[in-house]
């Protein structure tokens, strides 16, 4: 069969997404479910009509970068410092507990010690996309719940960076502590450099030419992508760079216009992300990893909300808010998929362990989305009294 062109792939993805999203809304189902299901259907393990999945997956990561940029635009620096203090304790304890949980599940099903530790790493993180996308904009911007969510997700991002760097040095059998230390030392330098550029270059330009909307859009796009790439160069992640780009612009009076301009572009790439997640899953591995994946997913869906509930409760948070945060973070992350891919490419884990992490991600993404959409305020709720933009 002839290779599908990029245009044909886009036609199949977005036309198919429109059809299946319509059916999902009629069936009162979350749209994220529709995008993942479409990926499984059209990808190599389904009918195979979309075969350039890796290219689409690479492109889809731009959606995560835009998501973090917009997140930064909507958060004032002082609020971030305040919430990170509380998030650090909860983040450290929860990551340690989830690491142990994943390791125990790996050992239970006969995976090697290294594979079990990698499974544990994958369990530590919650999805930035699902956590933020299903949070009402008013809550994200102005409420304590939004601040706690952002603080915990950002703390997990830093832990994820450390895990990825450990895996990158795994082929030598040694952790490159010097490289790890240099990357984290580069973080404050990157923040200071970004602040200087924004104050003395970007803000004067945007103030002078703010009536040219196309120019504002291009400058914002270039700043986001440039900072993301700079962060990658110094050993951090593109997501962290994009967040820094956003938060350094947050005090600008034009920040909300930039945020509104980029949201459609973000959604375009996030649809690609969820499609590629479904398309990359190899259905032939299901018999081998079905039981461990179901056990791992059930453990994540049950244990994560309980852990966050009690850790936040000990930080004097109200029970209702603690349960809300717990259920919104009750899945594993897109970082978990990156960990699985990187560990497999370094030959630290086998195909079964990699697909176990992928299957756990898909199951927890789907079930967690259902739980939040059906029970908590969110922008895509089927029930009118829960829908909050």
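Since every read-out is calculated from the coordinates, none of them should be taken as a lab result. Keep in mind that this is a model prediction, so the values were computed, not measured. For neighbour counting, all protein chains shown are included, and Cβ atoms are generated from backbone atoms with ideal geometry for every residue, glycine included.
The calculated FRET efficiency for residue 162 paired with residue 49, based on their beta-carbon distance and R0 = 25 Å, is about 0.05.
Of the residues 20, 62, 244, the one that moves most in a GNM of the chain with alpha-carbon contacts below 10 Å is 20.
Take the Cα of residue 306, step 7 Å toward its Cβ, do the same at residue 260, and the gap between the two points is 4.6 nm.
The modelled label-to-label distance between residue 6 and residue 352, using points 7 Å beyond Cα along the C-beta direction, is 3.9 nm. Restricting the calculation to Cα atoms, region 6-386 yields a radius of gyration followed by a Dmax of 20.3, 63 Å. Sorted ascending by nearby beta carbons within 10 Å, beginning with the fewest, 263, 133 become 263, 133. Its relative contact order, with pairs defined as Cα atoms under 8 Å and 6+ residues apart, puts the chain at 29 percent. So for region 35-158, averaging the separation of alpha carbon pairs under 8 Å that are six or more residues apart and normalising by length, what relative contact order in percent results? This gives 23 percent for region 35-158.
Order by neighbour count: 324, 267, 74, fewest other Cβ atoms within 10 Å first, most last. Provide the component values of the computation, followed by the final result.
Values: 324 25, 267 14, 74 20.
Exposure proxy ranking, most exposed first: 267, 74, 324.
In terms of surrounding Cβ atoms within a 10 Å radius of their Cβ, 163, 224 rank from fewest to most as 163, 224.
Can you work out the FRET efficiency for the pair residue 319 and residue 210, with r the C-beta to C-beta distance and R0 = 51 Å, to the nearest 0.05?
On the way: r = 45 Å, r/R0 = 0.89.
Efficiency computed from Cβ-Cβ geometry: 0.65.
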